[in-house]
Number of protein chains: 4
Amino acid sequence: MLKVELLAITPSAERLIEEAGRTCYLSFDKTGEDSDKRFIRMIIKNGHHSVLEHASATFRIIGGSRSFTHQIVRHRMASFSQQSQRYVDERDFSVVTPDSISANPAALEIFNGVMERCREAYKKLKEMDVRKEDARFVLPNAVTSEIVVTANFREWRLIIGTRTEKNAQWEIRKICGLILAELAKRAPTVFEDMK
Amino acid sequence: MLKVELLAITPSAERLIEEAGRTCYLSFDKTGEDSDKRFIRMIIKNGHHSVLEHASATFRIIGGSRSFTHQIVRHRMASFSQQSQRYVDERDFSVVTPDSISANPAALEIFNGVMERCREAYKKLKEMDVRKEDARFVLPNAVTSEIVVTANFREWRLIIGTRTEKNAQWEIRKICGLILAELAKRAPTVFEDMK
Amino acid sequence: MLKVELLAITPSAERLIEEAGRTCYLSFDKTGEDSDKRFIRMIIKNGHHSVLEHASATFRIIGGSRSFTHQIVRHRMASFSQQSQRYVDERDFSVVTPDSISANPAALEIFNGVMERCREAYKKLKEMDVRKEDARFVLPNAVTSEIVVTANFREWRLIIGTRTEKNAQWEIRKICGLILAELAKRAPTVFEDMK
Amino acid sequence: MLKVELLAITPSAERLIEEAGRTCYLSFDKTGEDSDKRFIRMIIKNGHHSVLEHASATFRIIGGSRSFTHQIVRHRMASFSQQSQRYVDERDFSVVTPDSISANPAALEIFNGVMERCREAYKKLKEMDVRKEDARFVLPNAVTSEIVVTANFREWRLIIGTRTEKNAQWEIRKICGLILAELAKRAPTVFEDMK
């Protein structure tokens, strides 16, 4: 089951963004109730997005496939710690089944069959003392891989913007949608225009 | 006066690093009292520094010169919001005086003289309605520029490592020394080997 | 005098972009006369800009001020080698005079006066054996600083796009305009939409 | 079969590095026969590696597995164009067989068996009109994925240094070894100390 869990977020993130951003103008005298929200709306409108980099959020994503992780790690300003198939024994791997397959009983039978075949092969190779880093060559893309992702708010806006477009792949869209929902609760002014 | 102020730091940063880093090995069962410290020492020793990227800290640096800021902004994985001479009126600028100059009365007189001359020129240009972004061309490197810097712990280690070397410039060495002192209090296991 | 000189550019850059980009689709069979131009127009239109990163260009910029260099070095995916005021003797520095100042004789007199005062102070400090890295604190922003900048084509598009906007500062706008003119000659399909 | 092909490299790369690097010191008068080699040796020794960023090289890597590509794309300052399993029909996929498996007939039989089973499943799913982006979930890590990688020389040094260490995975070690061999021919002074 897919699960997106917020592990950490900058405390008082929107206040921090204001505090940092007002440095550019030395306009600290304009700070007051709700001034952070006005400030953030202004910098987003003006394209002064670098100020959003001072706050960040860390998510643990459980139940994404290796297809998903291979895509997400391309984002340069983010940081990743990912379940390693070199170090983790994958005998009990879980899989992601695409909707187009689970909706079609014949396709699902083929899919489940090949998953079991991969699992057996992996087990047998392990029993023959093949190392994990080599046995994993038989593991399919569908296998899940846990990953922790930290990014600053500007980068999360870029990731979410790119990966929720209609041409993006369904799995990364779904995951980025869950991340956006969480961020929009925690830092509503920064993310409200993306929903 | 130089002042380095911690504005924000990831809460329970060392625990977060452990939580994120154990994802690579799915070794969450090894978590316990002080396990974060052992884990962090291990990854630093093994060179697995990417895990340190999940935690970050934000500093406000007041009283650094434009010479200093021009150096610090070269660090790519860090984020900056800096007092802009295009937007801030600099009539009352402060300056950084190098020790080699303040220790020498004749040099200091020359230095102070030229600072006042620059200030007068700036004021007169402003009175002639020259815009701030053009009047600033007469401001010297000694003028201070407030800056807020956010970096993750891996990047802080790299910045501090590079900028406190004996060949580094004295101002950035001093500032990075103050940052290290603060970080070593807040995340001692991550920074203890750098002191 | 401002001078922007192309030092290096990826040979057959547009062909390389096509060769690299077709890897995504294994569509090498579509390669033919002018197919690179069609391919590049398609990826720019579709927002698949990462393919443009395979080609790059290096410029030497002579006659830009330290105000300009402090801005340009903020671009993360670019590479910089800049005249160092720690290592270069600046007794014979050149300056950039903003148009708003050179157009106003009274302003120009103030400006030139302060430049000479800075130069004298720098010389005297040097004669007192103050090190270059400390004497430079009296140098104004107007002082020129030679810089060599390498960036890939995607990054040049981002730099030029941001820095030629109407709100950008006049000096960086002018320099980025000269860079764009050169790039549009050398890789016309990549840069034609930016003019 | 694994194949590493140089697609592009900065012309006169070592001269360009010298030309760019001498900007820091304005020491162009020291340029002469073989001065580039002395200059490059000096900056490598002094740790002034940013100068190496002005030159870059692009390789096409054919016959690397998806395990390999998932590792290489983590390098931030490099640029990638990779065969996409969303767009390319993979019915005729090739595979990488680890030596530890091909050396063991029983293991090889298991491995080959599961590869064929994956191929059949992929074909059948495609015949049922499952889209490529979903059918690929049954493709194993062993499947090859063509990739074009561009990096500057500093980044190639970092990639090669990290990925040829004794703890690195055998496939990425082998590929980085081939890249190093090619770079050491083309820019011998930059890469001679890494062999």
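The values are calculated or read from the model by the stated rules, or taken from the named source; none is laboratory data. Owing to the predicted nature of the structure, the values given are computational and were not obtained by experimental measurement. So basically every Cβ, Gly included, is an ideal-geometry build from the backbone, and we count neighbours across all protein chains shown. We work out accessible area using only protein heavy atoms, side chains counted, and drop any ligands, DNA or RNA first. Shrake-Rupley method; radii C 1.70, N 1.55, O 1.52, S 1.80 Å.
Determine, yes or no, whether D:LYS37 is over 30 Å from B:HIS49 (Cβ atoms), open to solvent by 50 Å² or more (accessible area, probe 1.4 Å) and in a helix (DSSP H, G or I). It is true that D:LYS37 is over 30 Å from B:HIS49 (Cβ atoms), open to solvent by 50 Å² or more (accessible area, probe 1.4 Å) and in a helix (DSSP H, G or I). In this structure, B:THR23 qualifies as free of Cβ contacts under 8 Å to residues at least 24 places away in the same chain, open to solvent by less than 10 Å² (accessible area, probe 1.4 Å) and either more than 19 Å from A:GLN83 (Cβ to Cβ) or not in a helix (DSSP H, G or I) (or both).
If we scan region A:116-129, do we find a residue that is in a loop (DSSP other than H, G, I, E, B) and either open to solvent by less than 50 Å² (accessible area, probe 1.4 Å) or without any contact (Cβ under 8 Å) to a residue 12 or more places away in the chain (or both)? Checked against the condition, which is being in a loop (DSSP other than H, G, I, E, B) and either open to solvent by less than 50 Å² (accessible area, probe 1.4 Å) or without any contact (Cβ under 8 Å) to a residue 12 or more places away in the chain (or both), region A:116-129 yields at least one hit.
The residues of region D:46-62 that are over 25 Å from C:ILE62 (Cα atoms), in contact with a helix residue (DSSP H, G or I) (Cβ under 9 Å, 6 or more places away or on another chain) and more than 9 Å from every other protein chain (Cβ to nearest Cβ), listed by number, are D:ALA57, D:PHE59, D:ILE61. Would you mention how many residues in region B:137-195 are in a helix (DSSP H, G or I) and not hydroxyl-bearing (Ser, Thr, Tyr)? Qualifying residue count for the region: 35. Scanning region D:50-79 for residues that are under 12 Å from the mean Cα position of the chain (by Cα) and open to solvent by 10 Å² or more (accessible area, probe 1.4 Å) yields a count of 7.
Identify all residues within region C:101-115 that are of a type in the set (A, V, I, L, M) and more than 7 Å from chain B (Cβ to nearest Cβ); write none if there are none.
Correct list: C:ALA103, C:LEU108, C:MET115.
Determine, yes or no, whether B:GLU192 is touching a helix residue (DSSP H, G or I) at 6+ places or on another chain (Cβ under 7 Å), acidic (Asp, Glu) and more than 14 Å from chain C (Cβ to nearest Cβ).
Yes; evaluated as a whole, the condition is true for this residue.
Please state which one of B:PHE59, B:PHE80, B:PHE39, B:PHE93 is touching a residue at least 12 places away in the same chain (Cβ under 8 Å) and touching a Gly at 6+ places or on another chain (Cβ under 7 Å).
When all the criteria are applied, what remains is B:PHE39.
Within region D:137-195, the set of residues being of a type in the set (A, V, I, L, M, F, W, C), free of Cβ contacts under 8 Å to residues at least 40 places away in the same chain and open to solvent by 10 Å² or more (accessible area, probe 1.4 Å) comprises D:ALA168, D:LEU180, D:ALA181, D:ALA184, D:MET194.
Of note, D:ARG76 satisfies the criterion of being at the interface with another protein chain (Cβ under 8 Å from one of its Cβ atoms), in a loop (DSSP other than H, G, I, E, B), out of contact with any His (no Cβ under 7 Å at 6 or more places or on another chain) and on the phi < 0 side of the Ramachandran plot. Given the conditions (1) in a loop (DSSP other than H, G, I, E, B); (2) farther than 30 Å from D:SER84 by Cβ; (3) more than 11 Å from every other protein chain (Cβ to nearest Cβ), report the number of the one that C:LEU6 does not fulfil. C:LEU6 satisfies every listed condition except (1).
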